[in-house]
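J.: There's a structure below that I have some questions on.
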Amino acid sequence: MKYIVFILFTVMTNAAAQLMLKQGMMSMGPISFEGVNPLVKLLQIVFSPWVFLGLCTFVISMASHLYVLSKVELSFAYPFLSLAYVAVAIFAYFVFREDLNGWRIAGIACICVGTILIAQSGREMGGRGHEDRTASINPDKIGTSEIVR
């Protein structure tokens, strides 16, 4: 649980990147590849300010996620990324005036309950870190079937 701040940072940067990408694509208007070199159009999209900022934010999010994965179990950390769906839905409602109907709210509630259950499972690790709970491969033994614990 001591890495929860990094996990939540990953979630929030992931959600922020999605919102930036949406803003970027809205500012560009409908995309058409008719009569345009697709590579040129792709470069225009990638280097538009909001899209570029969103992609850079994704890189930061991924770096944070890699750090988290080096510290906690994947089966614990990965489900937290579903909270990005929650954040995106809420912010999209307020920022882009997107629909947030009963079905979406029910889905968000299910995601939150599931994430809480997974977070509780992290307490059962007794404070032991990722390093203590997973097997590592000894570089000297590559090619053999021995795994060092």
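J.: To the nearest 0.05, what FRET efficiency results for Ser82 and Gln44 with a Förster distance of 30 Å applied to their C-beta separation?
T.: Efficiency for this residue pair is about 0.40.
J.: If Rh is defined by the Kirkwood formula over all Cα pairs and Rg also comes from Cα, what ratio Rg/Rh do you get for the stretch 4-141?
T.: Working: Rg = 19.0 Å, Rh = 17.4 Å.
Result for the stretch 4-141 is an Rg/Rh of 1.09.
J.: Set the Förster distance to 35 Å, then compute FRET efficiency between Ala119 and Phe96 from the Cβ-Cβ distance, nearest 0.05.
T.: E(calc), rounded to 0.05, equals 0.75.
J.: Put a dot 7 Å past each Cα toward the Cβ at Met1 and Val36; how far apart are the dots in nm?
T.: 5.1 nm
J.: List the chymotrypsin sites (Phe, Trp or Tyr not before Pro) within the stretch 1-47 that fall in a DSSP loop (any state other than H, G, I, E or B) and whose Cβ has at most 16 other Cβ atoms within 10 Å.
T.: On the way: sites: Tyr3, Phe6, Phe9, Phe33, Phe47; in loops: Tyr3, Phe33, Phe47.
Qualifying residues, ordered by number: Phe33, Phe47.
J.: Same structure, new question: Under the Karplus relation 6.51 cos²θ - 1.76 cosθ + 1.60, θ = phi - 60°, what is the ordered set of whole-Hz ³J(HN,Hα) values for the stretch 93-109, x standing for Gly and Pro?
T.: Each residue of the stretch 93-109 in turn: 4, 7, 7, 9, 6, 6, 5, 10, 8, x, 5, 5, 5, 4, x, 4, 4 Hz.
J.: Can you compute 3J(HN,Hα) from phi for each residue in the stretch 79-86, using the Karplus curve 6.51 cos²θ - 1.76 cosθ + 1.60 with θ = phi - 60°, rounded to whole Hz and x for Gly and Pro?
T.: Running phi through 6.51 cos²θ - 1.76 cosθ + 1.60 with θ = phi - 60° gives x, 5, 4, 5, 5, 4, 4, 4 Hz.
Just so you know, all these numbers are worked out from the coordinates, no wet-lab data involved. Quantities reported herein were computed from a predicted structural model and do not represent experimental measurements. In this analysis, Cβ positions are derived from the backbone assuming ideal geometry, glycine residues included, and neighbour counts consider all displayed protein chains.
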